[in-house]
1. Work out how much length Arg45 to Thr743 would gain on full extension: take 0.36 nm times their residue separation and subtract the Cα-Cα distance, in nm to one decimal.
2. What's the local net charge at His192, with K and R +1, D and E -1, over the other residues with C-beta under 14 Å away?
3. Give a residue-ordered list of calculated ³J(HN,Hα) values for the stretch 194-203 (Karplus: 6.51 cos²θ - 1.76 cosθ + 1.60, θ = phi - 60°; whole Hz; x for Gly, Pro).
4. What ³J(HN,Hα) values, in whole Hz, does the Karplus curve 6.51 cos²θ - 1.76 cosθ + 1.60 give for the stretch 382-396 when θ = phi - 60°, with x put for Gly and Pro?
5. Would you grab the residues whose amide H sits under 5 Å from the one on Leu722? Only those 5+ places off in sequence or on another chain, please, with H modelled 1.01 Å from N.
6. What GluC sites (Glu not before Pro) in the stretch 284-381 are in a loop by DSSP, with at most 10 other Cβ atoms within 10 Å of the Cβ?
7. Check cross-link reach from Lys488 to the lysines: straight Cα distance under 20 Å, and skip same-chain residues fewer than eight apart.
8. Run the reach check for Lys662 against lysines, Cα to Cα strictly under 16 Å, same-chain hits fewer than 8 apart removed. What comes back?
Amino acid sequence: MRGSAEERITSRNVDLSNCDREQIQFSNAVQPHCVLLAMDPATWRILQVSGNADELGFGPARDLPGRRLQDVFTPSDYQCVSDAARKLRYPAPPLHIGSSTLGGQTRDLFIHINNGSLFLEAERQGAHPGVAQKQLYDELRNGIAQLNASTSVVGFLDQAVHVIARCTGFERVMAYRFHGDGSGEVVAEAVHQGLERYLGLHYPAADIPKPARRLFALTWLRHLPDVNYQPVPLIPEINPVTSDLADLSYVFSRSVSVMYTEYLRNMGVKATMVLTLFKGGKLWGLISCMQHSAPRHLNIEVRAVCEMLAQTSSLLMSAKEDAEFAKYRESLSHSLEALVHQLGLRTSTAEALSSPKVNLLSAMDASGAAIFLGETITLLGQTPSQSAVQALAAAIASKVQPVWSSDLATRDVAMDDETASRASGILATRIGQFDTDLVIWFRPEYRQTVAWAGDPEKLVVRAPGREARLNPNGSFDVWRTEVRGRSKPWLECELDFASRLGRVILEVVVQRSREMARLNQDLSRSNRELEEFVYTASHDLKSPLRGIATYAQMVLRTAADLPSVNRERLQSIVQLANRMDGVIEGLLRYSELGHAVIRREDVDLNEVCEQIIELLRVDIESTRTEIRIPRRLPILRCDLRWVTQILLNLMANGIKYNDKEKRTLEIGYLVPPASTVTGRTGPGILYVKDNGIGIAPDDRDAVLRLFHRLHADQKYGAGTGLGLSIVARSVERHNGRLWIESTVGEGSTFFFTLDE
Ligand code: ADP
């Protein structure tokens, strides 16, 4: 049970804390121009009546509950009601079933069912017919033609309020549009001369509490002929079938909230009619009619025409508004197509989305954009700083499902003023498998001055010791406030574009990563096969080759009388076989590196260098190369065998590719300075520096490739073209980095790290 009359919300206890909870459909009273009968539809037993039911001439109101409708109505009236009632299936706005003379007065009869009761409203005929009945049809026809002809939504609403003002004779008719935050704005007005104009005024969201919005959404029209009416309560108070207050949601003569009448009185309104405007099933706005001079009761014919106008207006207006955005929507879908095309052409998603021709930013009416994909961030246009954008992305990541938007982002995410000025509006969409894979658009702050009907802050008044109470704007002075931190609102079509783009990118990214995984698998399989082949082939070639060299040497030693030309040929065989042996040895090592386990141990690089110098002693001495080690080398955790290979190859090359009179070779170690951000030092850098011939910039990558040699054998001695490939692969297997700095003619430095 909803509670007794005392517990219900009355003019004394409605305040801001309960205004949004006031269950206005349970007001349990009607306006005096109607009599209400609630009946059991199966038996026609009268369950409840309004206190003014004696006006119908069936005796005192309190005696009616318990009687049956057929016992009080004339047979023809009863027939009319019961025939119409058969057609009613669902709760819906009241159906006008005709008129009848009851208690000496002509009354229009309306019925509807709700919550198991059948409600009959008998309305006194309106004293104010509005425009003459015969003109109504013309007004309606011309009105719809005019509405159809208007080109903009505002122009359309302007036509609508003037047509309705003509049909109804109301002194003020205004079109009121809801914004995303629930506040409303008067966008068109037809008003009698001498009355204050409300056009352009904004009304805070609290002006129309949630329950009222719910009821507005149920019917097309609400009419309050006399704001100063005396509510007529229902008898008995509790519906005997439901043991509850009657649900008067669809009763058009329902007594309205005391807050509403107080509000209207403060505005100097004596009568009103409110028509609802819907778009796509959602409450879009209202057409509010007001009479300031006297009460005004419109009859059903005029109301029916207005209701039809409201319905037609809703349909036409949706079409107009859609047409206004159609162009923009069209350009968005073209951009989407172009972006999808680019995504197909480029392998990098971020590049495809930020190409100079069509990009994320050119598509959308926004000032900046950011693309977060994996580790990379790409910024376009006017955005907050990269670190601020990162912080924003982290803050909204969990909200983006799959799209999130705000035109007052300062309310949703903490940010400083500078960031707010560029990111007052945020629209984000998910583009990858991770929360942080996002595309974000930014809109700057859009400062505007809003004229409020009454001080929006003072809507709530707080008397000492009392609860905050809604003050329905006692004074209607215009208050101007500057709206801060808000951007232009994001449109439905923009949200739609963002979510479609997000979906497309997601598909591309997922497809690409699957493709990459497949290619990687294929690649590592063929790499493995190739390495096995190289290893086996090299291994199997080694012994026959040794055999050839050994036999050739034996012939050379034993056959003293060999003609010199044959002797030279045999010497060439020995040389070529030795060279081939070197290549095979290098290949074996290279392929071994592919699958060898890197065994890290503490390696003293000073000892390693000493051994290499010993190994290269003949070359060092013959070239008179000065070896420098400026300071002691470190002890590093690495694989001794492969680090020896790295240093041996680099040092041998440094000695070999040098044509200077005084050759120098330096082996050193650098410790980078600690990061100012993290305080940590990066991995130490080893280097081998020579003063040799140098390597041209274009050749620096090539020399690391297998068998790539820059010089003929005759020039700097023979080689296999495998040494630097082994160096590069060894460094890579240590998770390190290798790079070359060099000046042609002055020398080269090979730097490398051996990360843990
Ligand atoms: P190899 O020395 O057996 O030819 P590498 O792979 O060690 O093979 O070197 C590839 C090529 O890079 C060499 O042939 C040489 O042309 C060039 N190169 C290597 N080290 C140096 C260096 N320190 N200075 C100049 N050129 C070099």
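1. Values: separation 698, 0.36 × 698 = 251.28 nm, distance 10.75 nm.
So the extension gain works out to 240.5 nm.
2. Working: positive: Arg166, Arg172, Arg197, Lys270, Arg296; negative: Glu171, Glu189, Glu196.
In short, +2.
3. Karplus-based 3J(HN,Hα) across the stretch 194-203 equals x, 8, 4, 9, 9, 4, x, 6, 9, 10 Hz.
4. Working through the residues one at a time gives 8, 10, x, 4, 4, 5, 5, 5, 4, 5, 4, 4, 5, 6, 9 Hz.
5. Phe707
6. On the way: sites: Glu301, Glu307, Glu321, Glu324, Glu330, Glu337, Glu351, Glu375; in loops: Glu375.
Sparse-neighbourhood loop GluC sites (Glu not before Pro): Glu375.
7. Leaving aside lysines fewer than 8 places away in the same chain, those within reach of Lys488 are Lys327.
8. Lys689
Any read-out appearing in this document is the output of simple, stated calculations on the displayed coordinates, not a laboratory observation. A quick note: this is a predicted structure, and the numbers were derived from the prediction, not measured. Counting neighbours? That spans all protein chains shown, and the Cβs are built from the backbone with ideal geometry, glycine included.
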